[in-house]
1. Please count how many residues of the stretch B:1-55 are at the interface with chain A (Cβ under 10 Å from one of its Cβ atoms) and among the hydroxyl-bearing types (Ser, Thr, Tyr).
2. Which one of these is under 24 Å from A:Leu106 (Cα atoms) and either in a helix (DSSP H, G or I) or of a type in the set (A, V, I, L, M) (or both): B:Glu95, B:Glu131?
3. For the stretch B:35-66, which residues satisfy the criterion of being more than 14 Å from B:Ser78 (Cβ to Cβ), small (Gly, Ala, Ser) and in contact (Cβ under 8 Å) with a residue 24 or more places away in the chain?
4. Those residues that are without any contact (Cβ under 8 Å) to a residue 24 or more places away in the chain and buried (at least 18 other Cβ atoms within 10 Å of the Cβ), I need them from the stretch A:20-34; list them, please.
5. Considering each residue of the stretch B:46-80, count those that are surrounded by fewer than 16 Cβ atoms within 10 Å (Cβ to Cβ) and in a loop (DSSP other than H, G, I, E, B), and give that number.
6. So if I check each of A:Lys98, A:Lys94, A:Lys117, A:Lys44, which one is among the basic types (Lys, Arg) and either touching a Leu at 6+ places or on another chain (Cβ under 6 Å) or under 19 Å from A:His21 (Cβ atoms) (or both)?
7. Condition (residue is of a type in the set (S, T, N, Q), in a helix (DSSP H, G or I) and exposed (fewer than 12 other Cβ atoms within 10 Å of the Cβ)) applied to the stretch A:102-124: is it met by at least one residue?
2 protein chains.
Amino acid sequence: MKNKKNKKNILIVGSGKLGSHIANDYALNDDNVVLVDQDENILKIVGAKFNGQTILGDATDIYTLKRAGIENADIVVSATNNDNINIFVSLIAKEIYKVKNVIARLYEHTLSIAYDKLNIATISPSVLSAELIKEFIRSSKEISEIN
Amino acid sequence: MKNKKNKKNILIVGSGKLGSHIANDYALNDDNVVLVDQDENILKIVGAKFNGQTILGDATDIYTLKRAGIENADIVVSATNNDNINIFVSLIAKEIYKVKNVIARLYEHTLSIAYDKLNIATISPSVLSAELIKEFIRSSKEISEIN
């Protein structure tokens, strides 16, 4: 059951696999989803089946973020493949526009300490996947111990 | 407590973030870890702090995989950024060398059906991360409902 009260403004920066996956999922819901990328071709591919809004522009330009509605965003996900861009977008969202929920994709996991200090949630796909693979390997060892 | 009986031969193909993260973790344990990549520079960077064995070579060449010890591997993780290479390595491991545990990184999630049929485990970092971000967004909605 959809509840209009819960309709959120979700701004996603970066339309790679991660960004476009989230964007497409939310576009099927009742949320307002805006997807920003500086690559016109990638945006066109995503946009073909995307029900939300796409914004072509450089996310390190604050005017691009304003065009994408950062001022009214409830959630900002910065999912580009560039840690510096993700840090920039997260900081702008958190410190200037006081966006409550900010999530940044993180390649260089050692940077997570800095994010923690800023109270910005991070996601490291490779670390997350590595943990899951290790869990798989651990289970397979346990199985061979039993056998 | 380490148990020699549980020492495993782990072959990892692809020394990007995911592959090298797993390789380094296991190299600190008692397992035999071999890491294969065709990029000499990347292998050098990883190898500098890596306690296992590195093999320079093209993983789509079966002789590279033999040099890396696929015949005695207990676990093969194919974590390159190329789905076709990962499919090739997984199939060689599973079908020719009867490796019990094979895990492939998967970019194009729609291919997962094919992997399921082959009984090969897959990991899609972007899908996994998207699910976690969605969980984060869901929680933030619940919090705002309570407030």
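1. Number satisfying all stated conditions: 2.
2. Numbers: B:Glu95 fails: under 24 Å from A:Leu106 (Cα atoms).
After ruling out the rest, the residue left standing is B:Glu131.
3. B:Gly52
4. The answer is A:His21, A:Val33.
5. Number of matching residues: 5.
6. Numbers: A:Lys98 fails: either touching a Leu at 6+ places or on another chain (Cβ under 6 Å) or under 19 Å from A:His21 (Cβ atoms) (or both); A:Lys94 fails: either touching a Leu at 6+ places or on another chain (Cβ under 6 Å) or under 19 Å from A:His21 (Cβ atoms) (or both); A:Lys117 fails: either touching a Leu at 6+ places or on another chain (Cβ under 6 Å) or under 19 Å from A:His21 (Cβ atoms) (or both).
So the residue among A:Lys98, A:Lys94, A:Lys117, A:Lys44 that is among the basic types (Lys, Arg) and either touching a Leu at 6+ places or on another chain (Cβ under 6 Å) or under 19 Å from A:His21 (Cβ atoms) (or both) is A:Lys44.
7. To start, the set of residues in the stretch A:102-124 that are of a type in the set (S, T, N, Q) comprises A:110, A:112, A:119, A:122, A:124.
Now restrict to residues that are in a helix (DSSP H, G or I): A:110, A:112.
Going one step further and asking which of them are exposed (fewer than 12 other Cβ atoms within 10 Å of the Cβ), we end up with A:110.
So far as the stretch A:102-124 goes, yes, one or more of its residues are of a type in the set (S, T, N, Q), in a helix (DSSP H, G or I) and exposed (fewer than 12 other Cβ atoms within 10 Å of the Cβ).
To keep it simple, each residue is scored yes or no on (1) without any contact (Cβ under 8 Å) to a residue 12 or more places away in the chain; (2) of a type in the set (S, T, N, Q); (3) more than 25 Å from A:Thr122 (Cβ to Cβ).
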{"position": "B:Asp83", "(1), (2), (3)": "no, no, yes"}
{"position": "B:Leu91", "(1), (2), (3)": "no, no, yes"}
{"position": "B:Ala104", "(1), (2), (3)": "no, no, yes"}
{"position": "B:Thr110", "(1), (2), (3)": "yes, yes, yes"}
{"position": "B:Lys117", "(1), (2), (3)": "yes, no, yes"}
{"position": "B:Ile120", "(1), (2), (3)": "no, no, yes"}
{"position": "B:Pro125", "(1), (2), (3)": "no, no, no"}
{"position": "B:Ala130", "(1), (2), (3)": "yes, no, no"}
{"position": "B:Glu135", "(1), (2), (3)": "yes, no, no"}
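Every read-out reported here was derived from the displayed coordinates using simple, explicitly stated rules and does not represent laboratory data. These figures come from a predicted structure and were not determined experimentally. Positions of Cβ are backbone-derived with ideal geometry, glycine not excepted, and every protein chain shown enters the neighbour counts.
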